[in-house]
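A short write-up of the structure that comes next.
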Amino acid sequence: QPENLQKNWLREFYQVVHAHKPHFMALHCQEFGGKNYEASMSHVDKFVKELLSSDAMKDYNRARVYLDENYKSQEHFTALGSFYFLHESLKNIYQFDFKAKKYKKVTGKEIYSDTLESTPMLEKEKFPQDYFPECKWSRKGFIRTRWCITDCAFDLVNIHLFHDASNLIAWETSPSVYSGIRHKALGYVLDRIIDQRFEKVSYFVFGDFNFRLDAKAVVETLCAKATMQTIRAADTNEVVKLIFRESDNDRKVMLQLEKKLFDYFNQDVFRDNNGTALLEFDRELSVFKDKLYELDISFPPSYPYSEDSSQGRQYMNTRCPAWCDRILMSHSAKELILKSENDEKIVIYDHIGPNVCMGDHKPVFLSFRIAAGAGKPIANVHKCCVVQ
């Protein structure tokens with residue numbers, strides 16, 4: 001329902017912008033145009049026009065928009081969209097040209113779409129097909145841009161990692177086979193952004209990581225006192241459904257699990273206290289603890305919400321709710337974030353539209369301040385001054 005949902009989405013987004021009044025804003029989107037991108041790209045154009053011309057964004061006099069709309073290119077299409085907005089009060093903002101290996105001053109508003117391969121202001125890659133052979137045509141990949149603000153240089157990486165294709169397969173092993181695929185893809189991205197081609201700077205990686213809870217451990221915990229019934233296909237003997245019933249209480253069904261069904265009888269467990277009881281099963285990031293840092297999560301699982309516009313808090317019974325949408329950073333980026341000198345809460349990591357339908361994912365945001373010149377000890381950021 002793009003006509004209906006876009007209005008809600010933008011209203012909630014603008015409220016967050018108004019509340020935090022950022023000077024530099026990065027908005028990373030995945031799955032632009034959705035599953036039916038050929039029919040839906042017109043909605044994307046309306047969305048972009050609305051964002052760039054709305055009254056709520058009038059104080060942002062410079063913008064860069066990078067949209068991968070080239071869905072006819074099976075080899076390159078990622079359906080990623082990266083938006084960057086600069087407040088009129090910000091002076092001397094530079095963006096890195098990866099081809100010229102120089103920073104360039106950012107002026108005006110520019111939109112790049114269709115083929116981003118020829119744009120030197122970013123790096124874009126789609127993951128190789130053999131990373132996720134189950135999917136005939138995956139759109140997963142990343143876009144990287146580099147910025148310099150107040151003598152502080154950093155990379156912003158828009159990422160979309162692979163999903164769980166089947167709840168039944170995810171349940172088989174701990175960690176799941178899909179967790180391993182995401183691990184490989186994220187490792188590939190991190191290796192690319194810290195390789196020898198360019199000077200190393202701090203980085204933020206954010207988007208839909210598709211991180212899932214450890215399915216086997218979650219089910220065993222949620223259904224600790226249940227008995228499991230296995231239903232197999234008559235012709236292939238393949239497991240098609242698992243039913244977990246309470247041992248007593250009239251053998252009430254607690255959980256039904258199919259390839260694309262995760263129907264647990266009590267959704268409150270994912271919402272109460274922001275689902276924090278389940279955070280112990282969010283384990284995929286632990287592999288990268290030496291490379292990546294994340295602030296404490298204090299919002300409920302960001303996926304999969306109902307796409308019914310009247311159901312703002314309801315999860316769909318398709319997947320186990322999980323914190324798919326994240327904002328991660330290098331350990332050096334963590335040091336850039338200005339520490340509060342008083343009790344004022346300067347760093348905020350939260351979700352948008354808690355009670356409003358925003359689509360199947362709730363957007364997640366990070367708001368923080370960067371200390372002027374904070375990046376200098378980390379990299380020779382004064383090279384920002386060498387611009388054309």
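The values are calculated or read from the model by the stated rules, or taken from the named source; none is laboratory data. All values derive from a computational prediction rather than experimental measurement. Cβ coordinates were reconstructed from backbone atoms using ideal geometry, including for glycine residues, and neighbour counts include every protein chain displayed. In case anyone asks, the SASA skips ligands and DNA or RNA and just uses the protein heavy atoms, side chains included. Shrake-Rupley method; radii C 1.70, N 1.55, O 1.52, S 1.80 Å.
Whenever a residue of region 220-246 is closer than 19 Å to PHE281 by Cβ, its partners that are of a type in the set (Ser, Thr, Tyr) and surrounded by 17 or more Cβ atoms within 10 Å (Cβ to Cβ), lying with C-beta atoms within less than 7 angstrom and at least six residues away or across chains, give the pairs LEU222/TYR264.
Of PHE162, PHE132, PHE142, PHE204, all but one fail to be touching a residue at least 24 places away in the same chain (Cβ under 8 Å), in contact with a Phe, Trp or Tyr (Cβ under 8 Å, 6 or more places away or on another chain), open to solvent by less than 10 Å² (accessible area, probe 1.4 Å) and more than 27 Å from LEU242 (Cβ to Cβ); the exception is PHE204. In region 59-88, of all residues being at pLDDT below 95 and open to solvent by 40 Å² or more (accessible area, probe 1.4 Å), the one that is farthest from the chain's Cα centre (by Cα) corresponds to LYS72.
Quick one: in region 125-154, of everything that is basic (Lys, Arg), assigned to a strand (DSSP E or B) and over 13 Å from LEU67 (Cα atoms), which residue is nearest to the chain's Cα centre (by Cα)? The qualifying residue nearest to the chain's Cα centre (by Cα) is LYS126. Just so you know, in region 170-190 the residues that are open to solvent by 50 Å² or more (accessible area, probe 1.4 Å) and charged (D, E, K, R) include one that is nearest to PHE281 (Cα to Cα), and it is GLU172. Applying the criterion of at least 1 residues that are in contact with a Phe, Trp or Tyr (Cβ under 8 Å, 6 or more places away or on another chain) and either loosely packed, with under 15 Cβ neighbours inside 10 Å or among the aliphatic types (A, V, I, L, M) (or both) to the strands (runs of 3 or more DSSP E) found wholly in region 224-264 leaves 226-232, 239-246, 253-258. Could you list, in sequence order, the residues of region 95-124 that are under 25 Å from the mean Cα position of the chain (by Cα), assigned to a strand (DSSP E or B) and buried (at least 16 other Cβ atoms within 10 Å of the Cβ)? Selection gives GLN95, PHE96, ASP97, TYR112, GLU123, LYS124.
Inspect all residues belonging to region 318-331 and state whether any of them is at negative phi, touching a helix residue (DSSP H, G or I) at 6+ places or on another chain (Cβ under 8 Å) and either in a helix (DSSP H, G or I) or surrounded by fewer than 16 Cβ atoms within 10 Å (Cβ to Cβ) (or both). The answer is no, given that none of the residues of region 318-331 is at negative phi, touching a helix residue (DSSP H, G or I) at 6+ places or on another chain (Cβ under 8 Å) and either in a helix (DSSP H, G or I) or surrounded by fewer than 16 Cβ atoms within 10 Å (Cβ to Cβ) (or both). In region 276-304, the residue that is farthest from the chain's Cα centre (by Cα) out of those that are open to solvent by 10 Å² or more (accessible area, probe 1.4 Å) and among the hydroxyl-bearing types (Ser, Thr, Tyr) is THR276.
Looking across region 6-43 at every residue that is at pLDDT below 90 and surrounded by 13 or more Cβ atoms within 10 Å (Cβ to Cβ), the one that is nearest to the chain's Cα centre (by Cα) is identified as PHE32. Please tell me if VAL157 is in a helix (DSSP H, G or I), of a type outside the set (D, E, K, R) and either open to solvent by less than 10 Å² (accessible area, probe 1.4 Å) or within 20 Å of GLY33 (Cβ to Cβ) (or both). Taking the combined requirement at face value, the residue does not satisfy it.
Applying the criterion of being loosely packed, with under 13 Cβ neighbours inside 10 Å and farther than 19 Å from THR150 by Cα to the residues of region 338-388, the residue that is modelled with the lowest pLDDT is ASP343.
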